[in-house]
Every structure is written in C-alpha cells, then in structure tokens.
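For reference, the structure discussed in these notes is given below.
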Amino acid sequence: MASCEKEILTRALNETKTKTEAAKKLNMSRQAFNYKLGKYNLK
C-alpha cells in the first residue's frame with residue numbers, strides 16, 4: 001500500500017510544475033502533501 005501511495009505522489013509531482021499544483025491534483029492540502037513527501041523522503 002505504501003509503495004502505491006509513493007508512486008501516486010511521485011507521478012503527481014512529475015505531471016505538475018509545483019507542489020501546490022500536485023496537491024490540488026490529488027485533492028489534498030499542501031500541508032498534507034508536504035507531510036506525505038517527508039514520510040517517503042521525496043522532495
């Protein structure tokens with residue numbers, strides 16, 4: 001399950017220009033998105 005979430009986050013980052021856009025695409029707050037990035041050591 002965690003690998004799926006990590007893949008979704010990575011894909012959203014690659015498909016958008018900013019973290020804010022990626023968070024919106026996934027329908028989550030920027031703060032929650034940044035938390036998840038930290039959880040999986042993504043930048």
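Here are a few things to note about the model shown:
- Phi to ³J(HN,Hα) by Karplus 6.51 cos²θ - 1.76 cosθ + 1.60 over the range 3-20, Hz, x for Gly, Pro: 5, 5, 5, 4, 5, 5, 4, 4, 5, 4, 5, 6, 8, 10, 8, 9, 5, 4
- Environment charge at Lys43 (Cβ cut-off 14 Å; Lys +1, Arg +1, Asp -1, Glu -1): +4
- With K and R counted +1 and D and E -1, the other residues having a Cβ less than 11 Å from that of Ala2 yield a net charge of +1.
- Eligible lysines near Lys43 by straight Cα distance, threshold 16 Å, same-chain separation 8 or greater: Lys6, Lys17, Lys19
- Distance (nanometres) between label positions extended 7 Å along Cα→Cβ at Tyr35 and Glu21: 2.5 nm
Just so you know, all these numbers are worked out from the coordinates, no wet-lab data involved. Keep in mind the model is a prediction, meaning the values are calculated, not measured. Ideal geometry is used to build each Cβ from the backbone, glycine not excepted, and the neighbour counts take in all protein chains shown.
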